[in-house]
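Input: a single structure, listed below in structure tokens.
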Amino acid sequence: DSFFEQVPLAPPDVIFHLTATYKADTFPQKVNLGVGAYRTDKGKPWTLPVVKKADEILHNDPNLDHEYLPIKGIPTFTAASAKLMLGADSVAIKERRVAGAQSISGTGAIHLGALFLSKYYPKGAVAFVSNPTWANHKAIFNNVGIEVADYPYWNPATRGLDIDGFLGALNAAPNGSIIVLHACAHNPTGVDPSHEQWTAIADVMQAKKHFPFFDCAYQGFASGDLAADSWSVRHFVDRGFEIFVGQSYAKNFGLYGERCGCLTAVTRDTVTAKRVDSQFEKLQRSEISNPPAYGARLVNIVLNDPVLFAEWESDLRTMSGRIIDMRDKLYKKLIELDTPGQWNHIVDQIGMFSFTGLKGR
Ligand code: PMP
């Protein structure tokens with residue numbers, strides 16, 4: 001007899017299983033289009049030059065040790081992360097109504113936010129995610145007991161945004177629903193709302209008192225411009241929304257394996273921010289005790305040094321520029337080959353993902 005008799009066999013994770021199979025494959029011209037990780041022209045991972053520099057600085061620091069970080073992480077890191085997301089001149093930051101915790105990359109940020117909502121958000125509220133979305137969204141919310149539904153997003157006919165379906169679902173959702181929004185570079189479609197569409201989304205969400213939970217895994221990686229890529233988040237905050245935003249530094253710093261991210265909450269006032277912050281700390285303690293130091297130390301160095309920050313922006317332009325260039329090349333080739341159909345969505349989409357409109361076999 002086993003205690004584990006009742007444990008069903010789970011299927012392997014599709015994306016990471018594909019990566020393992022890809023690694024094992026000896027075919028010389030193999031290409032992995034599955035996992036969302038940046039590659040160079042040679043198909044290799046890229047360590048950002050600015051990260052190498054930060055690494056040098058870190059290792060030459062005579063005071064470097066391996067003590068625990070504070071429970072909520074490096075304070076200058078979380079402060080710089082909020083500034084990066086909300087803007088250096090953010091009114092919410094000035095008014096000290098921002099709370100935050102360093103997290104286990106973007107996944108951990110969303111998890112911590114979801115866990116908080118499972119405890120302190122009105123019971124029974126449903127989290128709405130885009131259809132389609134990053135596969136982990138549903139699992140993360142379900143794991144903390146929050147039911148997940150979806151809102152229409154992808155319009156196969158236009159290979160663009162189904163804005164009418166999206167707004168209709170926001171209107172039909174019970175007041176005060178949790179709405180998970182991709183801040184930029186939507187995964188997996190590559191389709192982002194325009195500023196006008198974001199404004200319309202915010203209008204409905206304000207009327208319906210929905211709670212925006214932004215997932216921002218690609219800031220600076222989409223357009224190459226950090227402010228442009230966080231326009232949606234800043235727009236909601238400017239309009240007075242209270243929000244959560246989960247940040248990942250996996251892609252924009254190329255720190256995939258270091259698990260470095262941040263959960264930021266913008267709240268109504270300072271007192272509220274303090275209460276929320278105290279619960280982030282309490283939840284984090286029981287979940288992971290202390291976040292990992294290495295990646296956050298690197299990001300902390302770069303975000304708080306104007307010269308390195310400028311270098312980072314240049315590295316971001318290298319990555320986003322290459323992606324835009326690849327889209328362009330694919331588009332031109334399709335046209336050159338007289339491929340039947342419309343292909344402008346390939347270049348209209350943004351970030352590292354693309355819904356090509358091609359059907360699998
Ligand atoms: N959200 C989205 C939409 C993503 O694509 C990813 C990365 N694939 C993440 C969050 C978080 O990833 P990580 O935990 O590696 O930062």
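All of the numbers you see were taken from the coordinates with simple rules; none came from a lab. What you see is a predicted model; the values in this text were computed from it and never measured. So basically every Cβ, Gly included, is an ideal-geometry build from the backbone, and we count neighbours across all protein chains shown.
Taking the Cα centre of the stretch 131-276 as the origin, how large is its charge dipole in debye, to the nearest 20, when only Lys and Arg (+1) and Asp and Glu (-1) carry charge on their Cβ atoms?
400
Where does each of His345, His137 land when they are ranked from fewest to most other beta-carbon atoms within 10 angstrom?
Result, fewest neighbours first: His345, His137.
Ranking Thr270, Thr107 by Cβ neighbours within 10 Å, fewest first, what do you get?
Going from sparsest to densest Cβ surroundings: Thr270, Thr107.
For the chain, with the dipole built from +1 on Lys and Arg beta-carbon atoms and -1 on Asp and Glu ones, taken about the Cα centre, which of Thr40, Phe4, Leu263 lies farthest toward the positive end?
Phe4
Return the Rg/Rh value of the stretch 185-326, two decimal places, where both radii are evaluated on C-alpha atoms and Rh is the Kirkwood radius. Each step should come with its number before you reach the end.
Values: Rg = 16.6 Å, Rh = 16.8 Å.
Checking Rg against Rh, the ratio lands at 0.98.
So, in Å, what gap is there between the alpha-carbon centers of the stretch 154-204 and the stretch 207-231?
Distance between centres, Cα-based: 12 Å.
With helices defined as uninterrupted DSSP H runs, which ones in the chain have an alpha carbon span along their own long axis of at least 18 Å and mean Kyte-Doolittle hydropathy of at least 1.0?
Taking the DSSP H segments of the chain (at least 18 Å long, mean hydropathy at least 1.0), we get none.
Using the Cα gyration tensor of the stretch 1-137, with a ≥ b ≥ c the square roots of its eigenvalues, what is the shape: rounded (a/c below 1.5), prolate (a/b larger than b/c) or oblate (neither)?
Since a/c reaches 1.5 but b/c is at least a/b, the shape of the stretch 1-137 is classed as oblate.
Tell me, how many Å apart are the Cα centres for the stretch 339-361 and for the stretch 35-92?
33
Taking other Cβ within 10 Å of each residue's Cβ, how do Cys260, Cys216 sort, fewest first?
The order, fewest Cβ neighbours first, is Cys216, Cys260.
Long-range amide H contacts for Ser130: which residues qualify at under 5 Å (H placed 1.01 Å from N, peptide plane, sequence gap of 5 or more or a different chain)?
For Ser130, whose amide H was placed from the backbone, the distant partners under 5 Å are Tyr151.
Counting residues in the chain as N, plug N into 2.2 N^0.38 Å and put the Cα Rg over that result.
Ratio of Cα Rg to 2.2 N^0.38 Å: 1.01.
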